[in-house]
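Engineer: Dropping the structure in here first, questions after.
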Ligand SMILES: [Zn+2]
């Protein structure tokens with residue numbers, strides 16, 4: 001019965017994963033910059049106006065922290081790719097969670113998972 005519930009949950013996760021579009025990891029930051037030219041608006045003594053915003057994507061690739069500028073017209077697409085990646089990570093984490101829990105399938109939600117963990121420790125069973 002619980003096993004069935006688990007399989008059902010995983011099936012639902014797989015279905016959601018199949019629908020995820022383009023994705024990429026990282027975070028997008030908006031930046032305003034000062035160019036340093038003394039006659040530029042960004043250096044004006046009164047109400048300086050900085051350049052930008054520029055969009056910088058930061059991510060870790062092969063263990064190295066990297067960043068790249070994103071053109072304004074791509075910001076919307078990049079934002080949705082980042083959101084897709086978060087969704088992907090959450091789904092796979094849930095999948096792994098279900099599979100790693102020896103109290104099989106009793107904990108579909110995060111909150112209940114932690115309650116489960118507590119009760120397992122209290123009863124000194126092998127869970128977690
Ligand atoms: Zn400037």
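Computed from the coordinates by the stated procedures, all read-outs in this text should not be read as laboratory data. For clarity, every value in this text was computed on a predicted model and none was experimentally measured. Reconstructed Cβ throughout: ideal geometry from the backbone, glycine too, with neighbour counts over all protein chains shown.
Engineer: Take the residues in region 21-31 that are closer than 18 Å to residue 71 by Cα and in contact (Cβ under 8 Å) with a residue 60 or more places away in the chain; name whichever of them is nearest to the ligand (Cβ to nearest atom).
Structural biologist: Among residues in region 21-31 that are closer than 18 Å to residue 71 by Cα and in contact (Cβ under 8 Å) with a residue 60 or more places away in the chain, the one nearest to the ligand (Cβ to nearest atom) is 24.
Engineer: If we keep just the residues of region 32-55 that are surrounded by 12 or more Cβ atoms within 10 Å (Cβ to Cβ) and outside any loop (DSSP other than H, G, I, E, B), which is nearest to the ligand (Cβ to nearest atom)?
Structural biologist: If we take residues in region 32-55 being surrounded by 12 or more Cβ atoms within 10 Å (Cβ to Cβ) and outside any loop (DSSP other than H, G, I, E, B), then 42 is nearest to the ligand (Cβ to nearest atom).
Engineer: Any chance region 69-91 includes a residue that's in contact with a strand residue (DSSP E or B) (Cβ under 7 Å, 6 or more places away or on another chain), assigned to a strand (DSSP E or B) and more than 16 Å from the ligand (Cβ to nearest atom)?
Structural biologist: Yes, region 69-91 has at least one match.
Engineer: Considering only residues that are over 16 Å from residue 85 (Cβ atoms) and in contact with a helix residue (DSSP H, G or I) (Cβ under 7 Å, 6 or more places away or on another chain), which ones fall in region 1-22?
Structural biologist: Those that are over 16 Å from residue 85 (Cβ atoms) and in contact with a helix residue (DSSP H, G or I) (Cβ under 7 Å, 6 or more places away or on another chain): 6, 9, 10.
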